[in-house]
Amino acid sequence: MHTFLIAALTADGFIAKDKNQNSTRWTSKEDAAFFSEKTKEAGVVVMGRTTYETIGRPLPGRLTIVYTSRPLEGCSPETLRTTELPPAELLASLEDEGYANVAICGGASLYTQWIQKELINTLYLTIEPVLFGTGIQLFTEEIRTQIRLKERHLLSDQTTVLEYEVQP
């Protein structure tokens, strides 16, 4: 199973100013298109409840899985599910269903949990020409993971995606 983390960062390294900020409010249309393309290729997106609430709906053309203990309105197993499964168990169940790729879409706590459990293969980090000064960092705890830059994707003259492979 190929699992990738996908996030947009300000030039000073934040994924949001605060927990209620939707990234589409400050990121470029080029990043939105890149995010849509990559997550549709994966077919499955996993996110925390706060991230889901900033979006407010399942993402079209993808199975959206939300980590939460509370039910969500409109849950349909084909488009929107909730889970409390440990990440490795969730991946195993998705693999049993025939999925080969999963996109981890935030927030910081979920990114931290998945990278600490060594379940991320690739990171797609969009760097946007925005500064917050303070805000929510990509990870919530210390991370000791080696990564290698695989490719730079220029989305525009101002926006770049850095694609990293996680090293064993």
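A count restricted to region 28-37 and to residues that are more than 17 Å from Leu138 (Cα to Cα) and buried (at least 18 other Cβ atoms within 10 Å of the Cβ) stands at 3. In region 108-123, is there at least one residue being of a type in the set (Gly, Ala, Ser), within 22 Å of Gly48 (Cα to Cα) and under 14 Å from the mean Cα position of the chain (by Cα)? Checking region 108-123: at least one residue is of a type in the set (Gly, Ala, Ser), within 22 Å of Gly48 (Cα to Cα) and under 14 Å from the mean Cα position of the chain (by Cα). Screening Glu78 with (1) assigned to a loop (DSSP other than H, G, I, E, B); (2) modelled with pLDDT of 95 or more; (3) closer than 24 Å to Glu37 by Cα gives one miss only, at (2).
Just to be sure, is Glu165 within 15 Å of Ser23 (Cα to Cα), surrounded by 14 or more Cβ atoms within 10 Å (Cβ to Cβ) and among the charged types (D, E, K, R)? It would help to see each step written out before you state the result.
Numbers: within 15 Å of Ser23 (Cα to Cα): no; surrounded by 14 or more Cβ atoms within 10 Å (Cβ to Cβ): yes; among the charged types (D, E, K, R): yes.
Considered against the rule, which asks whether it is within 15 Å of Ser23 (Cα to Cα), surrounded by 14 or more Cβ atoms within 10 Å (Cβ to Cβ) and among the charged types (D, E, K, R), Glu165 comes out as no.
Of the residues Phe132, Phe139, the single one that is touching a residue at least 24 places away in the same chain (Cβ under 8 Å), of a type in the set (Phe, Trp, Tyr), in a loop (DSSP other than H, G, I, E, B) and touching a Lys or Arg at 6+ places or on another chain (Cβ under 8 Å) is Phe132.
Remark: Thr50 matches the filter, which requires a residue to be in contact (Cβ under 8 Å) with a residue 12 or more places away in the chain and out of contact with any strand residue (DSSP E or B) (no Cβ under 6 Å at 6 or more places or on another chain). Restricting region 64-77 to residues that are among the polar types (S, T, N, Q) and more than 17 Å from Leu5 (Cβ to Cβ) leaves a set whose member that is farthest from the chain's Cα centre (by Cα) is Ser76. Here Thr68 does not fit the description of being surrounded by 20 or more Cβ atoms within 10 Å (Cβ to Cβ) and either closer than 30 Å to Asp96 by Cα or among the basic types (Lys, Arg) (or both).
Which one of Arg57, Arg62 is basic (Lys, Arg), at pLDDT 95 or above and touching a Ser or Thr at 6+ places or on another chain (Cβ under 9 Å)? That would be Arg62, the only listed residue that is basic (Lys, Arg), at pLDDT 95 or above and touching a Ser or Thr at 6+ places or on another chain (Cβ under 9 Å). Give Gly98, Gly106 a once-over and let me know the one that is without any contact (Cβ under 8 Å) to a residue 60 or more places away in the chain and not in a helix (DSSP H, G or I). Going through Gly98, Gly106 in turn, just one is without any contact (Cβ under 8 Å) to a residue 60 or more places away in the chain and not in a helix (DSSP H, G or I): Gly98. Here Leu80, Leu90 are screened, and the one residue that is crowded, with 17+ Cβ neighbours inside 10 Å, within 16 Å of Phe4 (Cβ to Cβ) and touching a strand residue (DSSP E or B) at 6+ places or on another chain (Cβ under 8 Å) is Leu90. Residues in region 134-156 include none that are under 18 Å from Lys38 (Cα atoms), modelled with pLDDT of 95 or more, surrounded by 15 or more Cβ atoms within 10 Å (Cβ to Cβ) and hydroxyl-bearing (Ser, Thr, Tyr). Is it true that some residue in region 66-75 is small (Gly, Ala, Ser) and modelled with pLDDT of 95 or more? Scanning region 66-75 turns up no residue that is small (Gly, Ala, Ser) and modelled with pLDDT of 95 or more.
Residue-wise test of (1) under 28 Å from Gln167 (Cα atoms); (2) surrounded by fewer than 16 Cβ atoms within 10 Å (Cβ to Cβ).
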| residue | (1), (2) |
| --- | --- |
| Phe4 | yes, no |
| Asn20 | no, yes |
| Trp26 | no, no |
| Gly48 | yes, no |
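The values are calculated or read from the model by the stated rules, or taken from the named source; none is laboratory data. Treat the numbers as computed from the prediction; the structure is a model and nothing was measured. As a convention, Cβ positions derive from the backbone with ideal geometry for all residues, glycine included, and neighbour counts pool all protein chains shown.
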